[in-house]
1. Along the three principal axes, how long is the stretch 434-493 when you take its alpha carbons, biggest first, rounded to the nearest angstrom?
2. Could you line up S363, S571 from fewest to most neighbouring Cβ atoms inside 10 Å?
3. I'd like the Kirkwood hydrodynamic radius of the stretch 157-260, using the inverse of the mean 1/r over distinct C-alpha pairs, in Å.
4. Order these by the 10 Å Cβ neighbour count, fewest first: L232, L161, L480, L440.
5. Alpha carbon centre of the stretch 396-423 versus the stretch 272-350: separation in Å?
6. Amide H of S476 versus every other amide H placed in the peptide plane: which residues, excluding those fewer than 5 positions away on the same chain, fall under 5 Å?
7. What is the order of T618, T247, fewest Cβ neighbours within 10 Å to most?
8. I'd like the trypsin sites (Lys or Arg not before Pro) in the stretch 260-329 restricted to DSSP loop residues with at most 15 other Cβ atoms within 10 Å, sorted by number.
Amino acid sequence: MLASLLRDIARRLGAGDGDLPDAIPRLAASGRHKEAERRLRRHLARRPDDAQALHFLGLVCHELGRADEAVELIGRAVEVEPQPVFHANLAEACRASGRLEKAERHARQAASLAPDNAMFALKLAAILAQLSRPAEALEWAERVLERDPECFDALLLAAGLNSDMVRPQRALEHYRKAHALKPEHPGPLIGCYRALRWMCDWSLAPSGLAELMQRWAERPDDPAYASINPFLAYEIPVPQAVRKAVTQAQADRVLRQAASAPGRFVLDRRAKDRLRIGYLSADYHSHPTMHLMRGLFSLHDRSRFQIFAYSLGADDGSPFRQEIVSSADSFRDVRLCTAGQAAGLIHGDAIDILVDLKGYTHSARPEILALKPAPLRVAWLGYPASTGCGLNDYMIADRVVVPPEAEGDYGEKLAWLPHSYQVNDSDQAIDPATPSRTDLGLPEEGFVFACFNHVYKIEPLMFSVWMRVLAAVPGSVLWLYESNPAARTNLQREASERGIEPSRLHFAGTLPKPRHLARLKRADLFLDTLYVNAHTGASDALWAGLPVLTCPQEAFPSRVAASLVTAAELSQLVCSDLAEYEANAIRLARRPDELRSMRRHLETRHASLPLFDTARFTRNLERAYETMWRRHIGGEAPASFLVAESSRFTPGPQSTGHKGWPPPG
């Protein structure tokens, strides 16, 4: 955004609107930033309080990747002459460098001084969105749209905020208007597709999206794709080469920005009695990632490891947050730090292995990893795909989610754990008061198929399979998670079009996690989705004693449930294709003894199964960390390796705490 401002101001000043020498704006407009900087500094040596020159030099420094100087120079311009545009550009410089609270202050000042300037209001809206205050951000974006209904950036922002607030119909309206304004821009088309998927409206075929992904892969430097999450390529059937290319484009963009940062960290390469492990996440609150990890922090062997947690997200005040704060050796809230400040803290803590729990998911800060503040960086758990080459040295996986023959699809080297890559909490509570089917709105008789995945994961292809299964099993029903009313209506219509009475689809809302786990006991078989599986949701089902039928595809997110049921020692539930998946769903519905045997297996052995043995998992993960570090201090480059089952099963102190549950997913 500042780059276009620089060109704008350069053109304006070049036309005589300002006191700078004419050559300086022309140099900046032509991209000759270094020469423009030299002339600006000579000018400021004669006139050190020239607010316009300070402001312009700040923009030039921003273009040269020197964020701290940009903030300092534009800040001086504001002190000399508090113009609205100076406040607005200082807000943008602060936002770009991660100083979000300061960015909000100056954006509000700009909006207050120039209340009729729509762009200042939009800037404030964007900053509030980054601060995870969507309702306030949407209010400001809508103010802009009231004045200018065809403001493309405001439409995109408002659409994204409505999506975040699970208002897909309203989001779709904004995306469609934005698409009409700029049909060549990928953002609105992708937004339309995602909003429709959240409503289970399959009218927009994924083929157009696949073509868009292919164009991105062919033009990785196209700035139009800068804000698009590469995980989108995993939600549709595209070649793995396209997924790899768009992921690398995102990684390269982050790495280029980091390359302009001043200085480099001096990294350690010494043998140590205790490794210092840092976990970087925005999810240190009541979130599925922490529900999985809850027991891990206290179970780490403190004779061999020190555990540091770096939080990129807000404090929700939940017992999950409190427990993590108390169970880590050090907990740092770096949410409001710039990337450089956060990286400096991590390096100052002498972290040996920094574990990236976010990848490119919501509130991720990959720019921190790009600064390489720790000798080794490891991707794990929160982002079920590669982060590309250059951000992380290793990725924690297993041989089901990433078979050895797929290693070349990953930018990281792989540490294959002996069972599943996914940690689980062996101390989860299930509400002892199991509700009846009647209490849950289910028929007392008949077979209950269930899928509690978020509705965007439901593909038309898999839904057709489910409807054929219902047709083949008289009296059966399908129990789904209700995300929004539009999705319910559309799924009922799709069922009717496939010859199934809509009343055979039942919907359930959100419950506290112990009660959610208890209600899962009333289902008979969990039916998984295709391209993006049940992840935490599959673990929940298995923990509650509910078998999960799955059909892995090529990529990581489509193979997670297969990893989980294999680690639960029920690999017979992994199907080789959709024909086998359909046949097995029908067969199991007709063979209650076989299902009862699986349920007994899960209910009587769940604590000792590899999937749910948290202490065992922790020892194997620690073994992976130690192998990575041995290679590092030996001067060897990262290389993929298989973690042998650890014989050290001495459990750490048991964790305690609240076990609440947000919307299942």
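1. So the three principal-axis extents are 29, 27, 18 Å.
2. Values: S363 14, S571 11.
Listing S363, S571 from fewest to most nearby Cβ atoms yields S571, S363.
3. Details: mean 1/r = 0.0702 Å⁻¹.
After inverting the pairwise mean of 1/r, the radius is 14.2 Å.
4. Numbers: L232 19, L161 27, L480 23, L440 15.
Ascending Cβ contact count within 10 Å gives the list L440, L232, L480, L161.
5. The stretch 396-423 and the stretch 272-350 have Cα centres separated by 24 Å.
6. For S476, whose amide H was placed from the backbone, the distant partners under 5 Å are F447.
7. Least crowded to most crowded, the residues run T618, T247.
8. R264, R269, R270, K272, R274, R302, R304
Just so you know, all these numbers are worked out from the coordinates, no wet-lab data involved. Remember, it's a predicted structure, so these values are computed and weren't measured experimentally. Please note: Cβ atoms are built from the backbone with ideal geometry, for glycine as well, and neighbour counts cover all protein chains shown.
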